[in-house]
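First up is the structure itself, then whatever we jot down about it.
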Amino acid sequence: MREDLEQQEQLDALKGFWQENRWWILGLLVVIFGSWAVWGGWQAYTASQARAANQAYGPFERAVTDQNLQAAAAAAKVLFEQHGSSAQADMAGLQLAKLQHGAGDFEPALASLGKVMASKDSVMAWTARLRVAAIRIDLNQFDQALAVLADTPPASFEPDVLDRRGDIYALMNRNDEARSAWTTAKSKPGISNALAALLDRKLAALGAQVAPSR
């Protein structure tokens, strides 16, 4: 009998708790299951977007292989408009700019690279910046070339950015600044042996005393 009373009391307490908190509990369950549904939906959406971007990249890749600049530009336009935040669009921008630059279409190349410079992927964005600077150098637009490299790059890009800044300063006959940029580039960890050797030659051309490359 005692056990029956205790069980009844527990049941009454449970019912009372449910009556007082049922809306809060139901709301919490809705949030939990709703979050799972949203996450699953987002995963499915991103997967479908990646597949669509890959499909759109196919025609672009074929056009690049064929060196068909007009077809490549048309295919890249689809990627930029429909999948602008994708890695495929970034790659297309870099490759299209290379074709355009090779054809002497400097302004279109700069426009293509400008899209990649806005990428959330810092590697793609800074690769584009370096290529923009190279085109600006070809056009003797040295101030614009320096401006595009003015921000602080990721550590892995520092030697290349400093090397390019040094090139620009040297072309502007600002030799002290060129020497400083190249010397600083040489001191950066992770610099490749090939770039270090190239910097040695550039510094020697300015008459600088340089330590042997590692």
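Hey, can you tell me all the residues within segment 76-110 that are in a helix (DSSP H, G or I), small (Gly, Ala, Ser) and without any contact (Cβ under 8 Å) to a residue 24 or more places away in the chain? Before you say what the answer is, go through the steps one by one.
Step one: filter segment 76-110 for residues in a helix (DSSP H, G or I), giving 76-82, 87-102, 106-110.
Still in the list and also small (Gly, Ala, Ser): 76, 87, 89, 92-93, 97, 102, 109.
The answer is Gly102, and nothing else.
Can you pull out the residues in segment 148-179 that are among the small types (Gly, Ala, Ser) and in contact (Cβ under 8 Å) with a residue 12 or more places away in the chain?
Ala155, Ser156, Gly166, Ala170, Ala178, listed by residue number.
Is it fair to say Glu61 is in the same structural domain as Thr127 (by TED's automatic domain parsing), under 21 Å from Thr127 (Cβ atoms) and assigned to a helix (DSSP H, G or I)?
When the stated conditions are applied, Glu61 passes them.
Assess whether Val116 counts as being surrounded by 18 or more Cβ atoms within 10 Å (Cβ to Cβ), among the β-branched types (Val, Ile, Thr) and closer than 26 Å to Ala178 by Cβ.
No.
Can you go through Leu171, Leu146 and tell me which one is loosely packed, with under 15 Cβ neighbours inside 10 Å and out of contact with any strand residue (DSSP E or B) (no Cβ under 6 Å at 6 or more places or on another chain)? Walk me through how you get there before you give the answer.
Details: Leu146 fails: loosely packed, with under 15 Cβ neighbours inside 10 Å.
Of Leu171, Leu146, the one residue that is loosely packed, with under 15 Cβ neighbours inside 10 Å and out of contact with any strand residue (DSSP E or B) (no Cβ under 6 Å at 6 or more places or on another chain) is Leu171.
Residues being surrounded by 14 or more Cβ atoms within 10 Å (Cβ to Cβ) and modelled with pLDDT under 90: count how many of those fall in segment 55-71.
The qualifying residues number 7.
For residues in segment 99-130 being among the basic types (Lys, Arg) and modelled with pLDDT under 95, which is nearest to the chain's Cα centre (by Cα)?
Lys120
Kindly state which helices (runs of 4 or more DSSP H) lie completely within segment 111-210 and contain at least 2 residues that are among the acidic types (Asp, Glu).
Output list reads 158-171, 175-186.
The values are calculated or read from the model by the stated rules, or taken from the named source; none is laboratory data. Values in this document were obtained by computation on a predicted structure and should not be read as measured data. In this analysis, Cβ positions are derived from the backbone assuming ideal geometry, glycine residues included, and neighbour counts consider all displayed protein chains.
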